[in-house]
Amino acid sequence: MSFVSSGRLALAASAMALVAGAAMADIRVTVAEYSSLTGPFFNDAAAAFEAETGTKVNIEVVPWDVLFQKLTTDISAGAQADLSIIGTRWLIDFASEDLVAPLDDIISDDLRERFVPAFLDPSIMDGQLLGLPVAASARAMYFNSDLMAQAGVESVPENWEELADAAAKISALGDDIYGFGLQGAEIETDVYYYYALWSYGGDLITADGTSGLGTQAAVDAATMYKGLIDAGVTEPGVTSYNREDVQNLFKQGRVGFMITAPFLATQIANEVPDLNYGVSAIPAGPDGDRGTYGVTDSIIMFENSPNKEEAAAFLDFVFGHDWRVRFDSGEGFLPVTSSVAEDPAFADDPVLSVFASLLPTARFAPTIAGWEEIAAIASDAMQSIYLSDGDSAIAPTLSAAADRINALLP
Amino acid sequence: MPDPVSRQGLAQMNRSLLVNPYVLIAPGFILAALIILWPLASITNIAVHDVNRFGVLRDYVGFENFQVIFADPEFLGALRRTAIWVFGIVAGSIIVSIPVAMILNADFYGRGLARVIIMLPWAISLTMTAIVWAWAMNGESGMLNSGLRAIGVLDRNIQWLAQASTAFPMQILIGILVTIPFTITIFLGGLSSVPDDLYEAARLEGANGWQVFREITLPLLKPFVNIAVVMNTIYVFNSFPIIWVTTQGGPAKSTDILVTYLYKLGFQYGRLDDASALSILMFVLLLAFTLLYVRLAMREEKA
């Protein structure tokens, strides 16, 4: 008897929950876990939003490494959230399957105008706004002031020629001290080369739509890097150093210069606060060209979301000034909205202000389906060049890589 | 009170159903079908279709995906390295394991402890072992360089993982190290089945140690060597962690074997259709090798 009644009760309760759920229109948001602060940030924002509007927001925090896998699984089951953070370079893959809702008519003009326009560009396809930039980062050159002083390098190198001289002087300081930290392994090996490619006036995709690796600028930039390796002013065996390995050398005070993202400054503050360093622009090429790599992540709305209005309201809420200040300063990202960029927390920070000043020259990964494979081809080509003897392999390796990339380009 | 006749009939029917071989095989077959045949069927289906990176099937393309794999120069390179990788580890671990197993089979003080020490690498996850070795082979701060420098073998650091000529042999050595415990276990089982009186008789006849090994131990161990070859080939062919953790198949794909190449195709480049075709090719390759080897080994035994 008691079994029956409790069973009935449970049934009634779940039926009520169903009715309630339908009426309240909960929304689901998948967010990437940038740090231990990401989850609490979004949960606090969701709680505040619910208190204000009555709409419940369920936050799903997913580690970066498995985010793509999770979205793929959700999509193939038709069970994706209303909103999700994605790497902006994935946007083309999602958009080509018509999975992404265009935001132009969904979000208010007021929300759209809050963003720095350059950050909206990568999310615009065929004239439609498909995502909002949620996190932004750029790259700059870190220099070790103590090593520069010991080696008698008086000013931060402005171009690659000056950098080669300064790196040679610093390398001469000791057997386990290296002038220029050159990343040659794993993810973003290609990006480390693009810094040089851009400063030599090259581009990833040229105006005629073919790979920039086939151009003279690409050969010149690779020859310059190869020259640094052969002169012995980089760490030995660059093809075994991934980004973290080079950063570790920098944190140990054994590398004069390296190029990386703002998060190294956060790590230095936590791990080696005594390290005497600074941040400046990536060296310019012979004609004064410069380029840094800009990366944004976007938040998108899925086309099959039944709650587009509520989801748009949440976007409007979470892109408010105070929430953005808390998010960007907590995670060490660059501001994507104009008002946050002017906030003293960013404008007065010596490291972040340098990164922010480089944003006008920032290039983004082209929005091309299957970009990961193109990046892998470029990385492999660079590793082959770094490992080869002399300069004779540079041009043929790059042109072979360009041919393979051209075959993949639309 | 039930009718005695119908009761007997029921018992008969029960028995005939229970001893029916198909019924007896059914539970095992259904389980095997669920975990082997069903994925195999679904991956074959993916391999003959054009598939987007979210796993949605589009047009039927027949063998086009297989042709893409065969035309890929990376495939042939990975295939060649897989052969070296499998042969190196399987042969290496057997060559090391036979003498070690013979020592561990002999009676000596502390044998129990020695057996535990030899088996320990087995107790550690493969990925953990690979991570520890990746640290040890670090060019700047690795134990391997500082150890070799301390004993005077090296006078400057070697960047072990910077080029395939040092990275790949080291990866095979790690592979041998982690394969040894399992191989020794097989051989210890084999050695304990060799009757002691054979050795006694040989010693009475004045055979030396090498002769005893060649004429008695090795022939009697042969079936166990065959088991070790087949089992280790299957494990090593599909072994992913050592190479992935130390070099991710780099630099410039020069340490890629088929399984790391497969991972890149499927999960980095999102080419699920080509990856499915490759995994079927790998399955067929492994199956063909195993059948061929077992048949050859069996024939030898019968002869």
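The values are calculated or read from the model by the stated rules, or taken from the named source; none is laboratory data. Predicted model, so just to flag it, every value in this text is computed and none were measured. Virtual Cβ from ideal backbone geometry, glycine too; neighbours counted across all protein chains shown. Quick note on the areas: whole protein, heavy atoms, side chains included, nothing else; ligands and nucleic acids left out. Shrake-Rupley method; radii C 1.70, N 1.55, O 1.52, S 1.80 Å.
Sparse packing (at most 11 other Cβ atoms within 10 Å of the Cβ) combined with a DSSP loop state is found for none of the trypsin sites (Lys or Arg not before Pro) in the stretch A:269-331.
Taking the protein heavy atoms of chain B in the context of the full set of protein chains, the accessible area attributed to carbon and sulfur is 70 percent at 1.4 Å. Remark: the Cα gyration tensor places the protein assembly as shown in the oblate category, a/c being 1.5 or greater and a/b not exceeding b/c. Phi angles of the stretch B:80-88 translate, via the Karplus equation with coefficients 6.51, -1.76, 1.60 and θ = phi - 60°, into HN-Hα couplings of 5, 5, 5, 4, 5, 4, 5, 4, x Hz per residue; Gly and Pro are given as x. Sparse packing (at most 14 other Cβ atoms within 10 Å of the Cβ) combined with a DSSP loop state is found for the following GluC sites (Glu not before Pro) in the stretch B:165-260: B:Glu205. For A:Val61, the residues 5 or more places off, or on other chains, whose built amide H falls under 5 Å of its own are A:Val31. In chain A, helical runs assigned H by DSSP with n ≥ 4 each contribute -39500 (n - 2.57); averaged across all residues and rounded to the nearest 500, the mean residue ellipticity at 222 nm is -14500 deg cm²/dmol. In loop segments of the stretch A:312-410 as defined by DSSP, the GluC sites (Glu not before Pro) with at most 16 further C-beta atoms inside 10 Å of their C-beta are A:Glu342. Under a 5 Å amide H cut-off, with hydrogens placed 1.01 Å from N, A:Phe180 pairs with A:Thr234, A:Glu235, A:Gly256, A:Phe257 among residues at least 5 apart or on other chains.
Excluding ligands, DNA and RNA and using a 1.4 Å probe, chains B and A jointly bury around 2000 Å² of accessible surface, summed across both partners.
Add +1 for every Lys or Arg and -1 for every Asp or Glu among the other residues with Cβ under 14 Å from the Cβ of B:Ala167, and state the total.
0
Can you give me the C-alpha center-to-center distance between the stretch A:77-110 and the stretch B:95-167, rounded to a whole angstrom? Comparing the Cα centres of the stretch A:77-110 and the stretch B:95-167, I get a distance of 50 Å. For A:Arg363, the residues whose modelled amide H falls within less than 5 Å of its own, excluding neighbours fewer than 5 places apart on the same chain, are A:Thr292, A:Tyr293, A:Gly294. Hey, which lysines would be in cross-link range of A:Lys56, C-alpha to C-alpha under 17 Å, not counting anything within fewer than 8 residues on its own chain? Partners found: A:Lys308. In order along the stretch A:385-396, the phi-based Karplus estimate (6.51 cos²θ - 1.76 cosθ + 1.60, θ = phi - 60°) of 3J(HN,Hα) comes to 5, 4, 7, 6, 8, x, 9, 5, 7, 4, 4, x Hz; Gly and Pro are listed as x.
Summed over the residues of the protein assembly as shown and divided among them, the accessible surface reaches 48 Å² per residue at a probe radius of 1.4 Å. Note that the stretch A:48-58 has calculated 3J(HN,Hα) couplings of 5, 5, 5, 4, 7, 10, x, 8, 7, 10, 9 Hz, one per residue in order, obtained from phi through the Karplus relation 6.51 cos²θ - 1.76 cosθ + 1.60 (θ = phi - 60°); glycine and proline are x. If R0 is 25 Å, the Cβ-Cβ spacing of A:Thr73 and A:Asp44 corresponds to a FRET efficiency of close to 0.35. Between the beta carbons of B:Gln67 and B:Phe289, assuming R0 = 22 Å, the FRET efficiency works out to 0.45 to the nearest 0.05. Note on A:Glu244/B:Asp197: beta-carbon distance plugged into 1/(1 + (r/R0)^6) with R0 of 56 Å gives a FRET efficiency of 0.35. Distance between the modelled labels on A:Gln252 and B:Leu18, one decimal in nanometres: 7.0 nm (7 Å Cα→Cβ projection). Among the listed pairs A:Lys169/B:Lys253; B:Lys222/B:Lys253; A:Lys226/A:Lys251; A:Lys226/B:Lys253; A:Lys70/B:Lys253; A:Lys169/B:Lys264, a Cα-Cα separation exceeding 31 Å is found for A:Lys169/B:Lys253; B:Lys222/B:Lys253; A:Lys169/B:Lys264. Remark: the A:Ser155-A:Ala25 segment gains 40.9 nm on full extension, using 0.36 nm per residue and subtracting the alpha carbon distance. Just give the residues from the stretch A:344-377 buried by at least 10 square angstrom of accessible area in the all-chains context relative to the isolated chain, probe 1.4 Å, and say none if nothing qualifies. Residues shielded by partner chains are A:Gly370, A:Glu372, A:Glu373, A:Ala376.
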